[in-house]
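Heads up, the thing below is written out as structure tokens.
Derivation of every value follows stated rules applied to the coordinates shown; laboratory data play no part. In this text the structure is predicted, and so the values were computed from the model without any measurement. Here the Cβ positions follow ideal geometry from the backbone for every residue, glycine too, while neighbour counts run over all protein chains shown.
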Amino acid sequence: MTPAAAGRRLLGAHTIENGGIHMAVRRAAGAGMSALQVFTAIPKFYGDKTSIKPERVERFRAALAEAGILPGHVVAHAAYVLNTATPDPAKWPRARDGLTKELERSTALGIGAVCFHPGAATDDDRDAALDRIAAAMTHALERVEGATRLLVENTAGAGRTMGRTPAEVAGILERIPVPLRARAGYGLDTCHLFASGFPIHESAAAQAAVLDDFERAAGERPGFFHLNDSEGALGSNRDRHALIGKGQIGEEPFRWLLHDPRSAGVPCILETPQENPAIADDDASADPWDAAMMGLLRDLAG
């Protein structure tokens with residue numbers, strides 16, 4: 001792959017947001033990223049009542065323009081606490097409304113997509129959980145117009161979490177009303193795949209077969225990839241990310257993925273550890289580990 005071809009891979013990271021999401025953009029630019037991921041609100045809270053101020057939108061958009069990163073190549077990660085699969089009558093509406101508010105904030109920013117973890121079927125009724133996840137997505141899509149997509153992320157499969165298999169991802173998406181379906185989709189996290197028992201490390205053919213299964217079941221390609229090595233072993237169900245090449249997956253499977261046509265044209269986002277998470281609010285320096293990982297990804301894509 002030539003440098004120009006490698007450039008068609010939209011490579012980025014969930015950069016550090018100290019000082020605001022416009023600073024996350026500036027740090028991404030410092031590492032030569034063409035995509036990035038951000039939080040639009042504190043991820044440990046539902047965020048169901050948190051709106052985004054116009055001046056924050058303006059700073060963010062200005063930073064993207066200066067960095068040369070297209071808004072459509074940015075992903076927002078919804079709050080971790082949202083459990084759209086829960087049967088709890090108090091928690092589910094808050095999760096639904098938190099997802100809706102996330103889509104509202106992300107649409108105001110003009111970015112490409114929101115990704116979210118679907119949550120856990122705490123009553124063990126997985127079919128009903130699929131209904132609830134899809135209902136939350138439908139609620140959000142009906143109430144927030146725009147081009148920003150809502151993408152469910154595959155999970156590492158721990159406990160009662162939903163979205164581990166192609167069938168479950170497809171089961172969520174097929175419950176979205178047809179008029180809204182184009183704004184819904186899914187993305188794949190490499191650590192989650194591996195931790196769930198998918199042998200993406202064995203060979204390029206084995207990895208492609210896994211992607212084939214998801215694409216066939218969902219009827220479309222992934223809308224993003226999270227590029228994470230795994231601290232845990234194959235099938236461990238441990239959602240513990242590692243620097244690429246420092247975990248159980250290794251470097252070579254990421255080369256295969258970056259040469260798979262399905263990684264072209266969609267954000268390929270690192271969610272790996274960072275050396276300096278306590279960076280000063282006014283420091284736009286790229287994180288050294290982010291920069292090193294971006295260099296590695298460009299080499300693997302080349």
Seminar exercise, completed: Of every Cα-Cα pair in region 3-301, the percentage lying beyond 25 Å is 44
Exercise. Okay, which of region 123-153 sit inside 20 Å, backbone N to the point 7 Å along the Cα-Cβ direction of Arg160?
Worked result: 123-137, 153
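First measure r as the distance between the Cβ atoms of Ala205 and Leu180, then evaluate 1/(1 + (r/R0)^6) with R0 = 45 Å and state the FRET efficiency to the nearest 0.05.
Values: r = 35 Å, r/R0 = 0.78.
It comes out at approximately 0.80.
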Exercise. In nanometres, what is the gap between the two model label sites at Ala264 and Tyr80, each 7 Å from Cα along Cα-to-Cβ?
Worked result: 3.6
Seminar exercise, completed: Pseudo-spin-label distance Val57 to Arg298, built 7 Å along Cα→Cβ, given in nm, is 3.4
Exercise. Where both partners of a DSSP beta bridge lie in region 3-301, what percent of those bridges are antiparallel, to the nearest 5?
Worked result: 10
For this session: Please identify the helices of the chain, taking whole runs of DSSP H, that span at least 15 Å along their own axis as judged from the Cα atoms and have a mean Kyte-Doolittle score of -0.5 or higher.
Result: 126-143, 204-218, 288-301
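Full extension from Glu251 to Ala167: what is 0.36 nm times the residue separation minus their Cα-Cα distance, to one decimal in nm?
The span from Glu251 to Ala167 would gain 27.4 nm if fully extended.
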Problem set entry | Linear extension gain, Arg240 paired with Asp125, 0.36 nm per residue minus alpha-carbon span | 38.7 nm
For this session: Calculate for the chain the 222 nm mean residue ellipticity that helices alone would give, adding -39,500 (n - 2.57) per DSSP H run of length 4 or more and normalising by residue count, nearest 500 deg cm²/dmol.
Result: -12000 deg cm²/dmol
Exercise. Normalised by the number of residues in the chain, what is the relative contact order in percent for Cα pairs under 8 Å and 6+ residues apart?
Worked result: 20
Exercise. For region 16-151, what is Rg from Cα atoms divided by 2.2 N^0.38 Å, rounded to two decimals?
Worked result: 1.08
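For region 83-241, what does the relative contact order come out to in percent, with C-alpha contacts under 8 Å and a separation of six or more?
This gives 21 percent for region 83-241.
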Exercise. Quick one: length gained pulling Ala280 to Thr50 fully straight, 0.36 nm per residue minus the C-alpha distance?
Worked result: 80.4 nm
Exercise. In whole Hz, what ³J(HN,Hα) sequence does region 220-231 give by Karplus (6.51, -1.76, 1.60; θ = phi - 60°), x for Gly and Pro?
Worked result: 6, 7, x, x, 6, 10, 9, 9, 9, 6, 10, 5
